[in-house]
Amino acid sequence: MMIDEATGRRRSNNLILDTALRDFYSAADEMHLSEGLIQILSYPERRVDVSVPVEMDDGTVKVFQGFRVQHSTALGPSKGGIRYAMDVTGQECEGLAMLMTWKCSLAGIPYGGGKGGICCDPTYMSHKEKERMSRTFGARIAPIIGRWSDVPAPDMYTGGQEMVWIMDTICKMLGHFEPAMLTGKPIDYWGAPGRTEATGRGLAACAFELMRQKGLDPTKIKAAVQGFGNVGSYAAKILNEAGVKIVAISDTTGAYYNPNGIDIKKAFEYMNTNPGKRGRKLTGFEKEGCEKIPGDEIIGLDCDFFCPCAAQGALNENTAGKLKAKYVFEGANSPTTPEAELILNDKGVIVVPDFLANAGGVIGSYYEWAQNLQGFTWTEEEYNKRLVALMTDNFRRVWDYAQEHNSTMRRSAYIAAIKRVTDIVELRGVYL
Ligand code: GLU
């Protein structure tokens, strides 16, 4: 662990954790938080590291490293996704769990923050290998998972199938069924209609509210969406349905550009029918009337909205200067480094920060959890209505605060989120 000798505060070599710590410290100082509260919230309450041995299809055994971090349970059970990716580390999960604490707090939902993951490349693994890995991981984190303690959900490279494997394993260990222990489940298996689109829908709700505040006409807006996974694809679709022109989309194969607008419906059809080796679903999409350009170049395209919905750190000191868009909606977690943020602020770019812009996922998870606890299912219409209303309200609160205090949206969101958590920590005391 790295401690800055002068301040006694944490730093990290991991970009996500370091960004989360720096953003937190700087907001906390502006709020004049006591050093004790700052120290408490800069560490996770609990971190469990597990090894995950998996029998591979060729008969060999590989051991993967897995993690589950609970940053805070001040407001309720910790909540956050589980990701399968090569850069997953304990520290990365610590940073992402911290971000979840602020995300849940800002949204006003009754959760603390958590995160987990396994360091692996799932695109090289078979279905059966992923099943064995998910089940063993589930069994090893089982002691800290539960509907009133820690509620996982999907994240990068995980979805309903992984949630079923993990939940099924833990339920077998418990000897009873407990559907509210995790969210993002398939609709027919205690999932919630609307959850799949929820993060993209929430991001779009922020964009619509921004357009209302600024008097912008959606049909005159051009947007570029980096990443065409669960978040980016639905955000692009919902914005496009309202008349926004999506001039570029991208995935790990590159970016696909059409200044006259991409037919997003066609992109969905293409993605759903393209077998796309190792999840590379947009391979060959240039055939559908687009120009293929290197993935990174999507940042410099001529457009009004830029939505980074792919990996962390996409907007960094090398790329931020190239951005032409005036507004950034962060669909990914931690896509902007603090250095890039300064560059963007100087350019007058308005950044709608991740823990506001992509909160639709966890808000949707909260609705799924609430339905599971009641054993009662809402309609998709009801779910979407509540989601959009809450996202719009969150956006407006942060927007108004930023306008009033002449501050950035990230700083304003941090102040509101930290305040709710620290008020409760003070109320409950240090012994949590
Ligand atoms: N993985 C999503 C996120 O980062 C959703 C988390 C959840 O629903 O618990 O916000």
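The values are calculated or read from the model by the stated rules, or taken from the named source; none is laboratory data. Note that the structure is predicted; figures quoted are calculated from it, not measured. Cβ atoms come from the backbone with ideal geometry, glycine included; neighbour counts cover every protein chain shown. What goes into the accessible areas is simple: the full protein's heavy atoms, side chains included, and nothing from ligands, DNA or RNA. Shrake-Rupley method; radii C 1.70, N 1.55, O 1.52, S 1.80 Å.
Quick notes
- Cβ-Cβ contacts under 8 Å between residues 6 or more apart (or on different chains), taken from a first residue in segment 81-100 that is open to solvent by 10 Å² or more (accessible area, probe 1.4 Å) to a second residue that is more than 10 Å from the ligand (Cβ to nearest atom) and basic (K, R), are listed as E94/R47.
- If only residues of segment 337-346 that are assigned to a helix (DSSP H, G or I) and not charged (D, E, K, R) are counted, the one that is surrounded by the most Cβ atoms within 10 Å (Cβ to Cβ) is A340.
- Selection of segment 227-264 for residues being part of a helix (DSSP H, G or I) and modelled with pLDDT under 95 yields only N230.
- Qualifying residue in segment 76-87 (condition: at pLDDT 95 or above and over 25 Å from Q161 (Cα atoms)): yes
- Some residue of segment 64-71 being of a type in the set (A, V, I, L, M, F, W, C), under 11 Å from G116 (Cβ atoms), open to solvent by 10 Å² or more (accessible area, probe 1.4 Å) and within 16 Å of the ligand (Cβ to nearest atom): yes
- Residue in segment 325-336 that is farthest from the ligand (Cβ to nearest atom), counting only those that are open to solvent by 10 Å² or more (accessible area, probe 1.4 Å) and out of contact with any helix residue (DSSP H, G or I) (no Cβ under 6 Å at 6 or more places or on another chain): K326
- Counting the residues of segment 138-194 that are open to solvent by 30 Å² or more (accessible area, probe 1.4 Å) and either part of a helix (DSSP H, G or I) or in contact with a Lys or Arg (Cβ under 7 Å, 6 or more places away or on another chain) (or both) gives 12.
- Among residues that are crowded, with 21+ Cβ neighbours inside 10 Å, within 16 Å of the ligand (Cβ to nearest atom) and within 18 Å of the chain's Cα centre (by Cα), L387 is included.
- Restricting attention to segment 111-122, the residues that are closer than 12 Å to S365 by Cβ and over 14 Å from the mean Cα position of the chain (by Cα) add up to 1.
- Restricted to segment 1-96, the set of strands (runs of 3 or more DSSP E) holding at least 3 residues that are of a type outside the set (A, V, I, L, M, F, W, C) comprises 9-11, 46-55, 61-72, 78-85.
- Residue within segment 122-131 that is buried (at least 24 other Cβ atoms within 10 Å of the Cβ) and at pLDDT 95 or above present: no
- Neighbours by Cβ (under 8 Å, 6+ apart or cross-chain): first from segment 46-65, without any contact (Cβ under 8 Å) to a residue 12 or more places away in the chain; second surrounded by 14 or more Cβ atoms within 10 Å (Cβ to Cβ) and assigned to a strand (DSSP E or B): V61/V54; V61/E55; K62/V54
- Residue list for segment 122-136, restricted to those being over 13 Å from M56 (Cβ atoms) and away from the ligand (no atom under 16 Å from the Cβ): T123, R135
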